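**Student:** Just dropping this structure here.
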Amino acid sequence: MATKMYFSSNGCAGATSGATGKTYNADKNGFIHVEDSRDVKSLAAGGYVQASGLGALASVKQHYRCNSCSWDAIINSCPKCGSTDLLKVHG
C-alpha cells in the first residue's frame with residue numbers, strides 16, 4: 001500500500017528519493033504516492049509530510065482547517081486545494 005505524502009509549500013511537482021532513486025510525480029492535488037518505506041523516510045527527511053488525515057493531527061495542540069474544502073492541515077496553507085484561507089483550530 002502506498003503512503004500519501006505532500007510537500008509543505010504549494011507547487012511542488014514531485015520528488016526523487018535519495019534512498020532508491022525512484023521519482024514520484026505529484027497528482028493533481030499535490031500528493032505523491034510512495035510505495036517503498038525507504039523512500040518515505042528519505043522524502044520525510046527532505047521536507048515531505050505524510051498525509052494521514054486527523055491521525056497525524058492527534059498530537060498537535062493546534063492546526064488549521066481550510067475554509068474552502070474543510071481539509072485539516074498542520075500549516076496555514078491547504079495542500080489539498082491550495083487555499084490560504086484557513087481557520088486556526090485549537091486542540
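**Student:** For residues that are surrounded by 12 or more Cβ atoms within 10 Å (Cβ to Cβ) and either in the same structural domain as S83 (by TED's automatic domain parsing) or in a loop (DSSP other than H, G, I, E, B) (or both), tally how many sit in the stretch 1-32.
**Tutor:** 13
**Student:** Considering only the stretch 12-32, how many residues are free of Cβ contacts under 8 Å to residues at least 12 places away in the same chain and under 20 Å from G82 (Cα atoms)?
**Tutor:** 2
**Student:** Here is a further query. Consider only pairs whose beta carbons are under 7 Å apart and that are at least six residues apart or on different chains; among these, list those whose first residue lies in the stretch 33-47 and is surrounded by 12 or more Cβ atoms within 10 Å (Cβ to Cβ) and whose second residue is in a helix (DSSP H, G or I).
**Tutor:** Pairs that qualify, where the first residue is surrounded by 12 or more Cβ atoms within 10 Å (Cβ to Cβ) and the partner is in a helix (DSSP H, G or I), are V34/V40; V34/L43.
The values are calculated or read from the model by the stated rules, or taken from the named source; none is laboratory data. Everything quoted here is computed from the prediction, not taken from an experiment. A quick note on method: Cβ atoms are made from the backbone with ideal geometry, for glycine too, and the neighbour counts reach across all protein chains shown.
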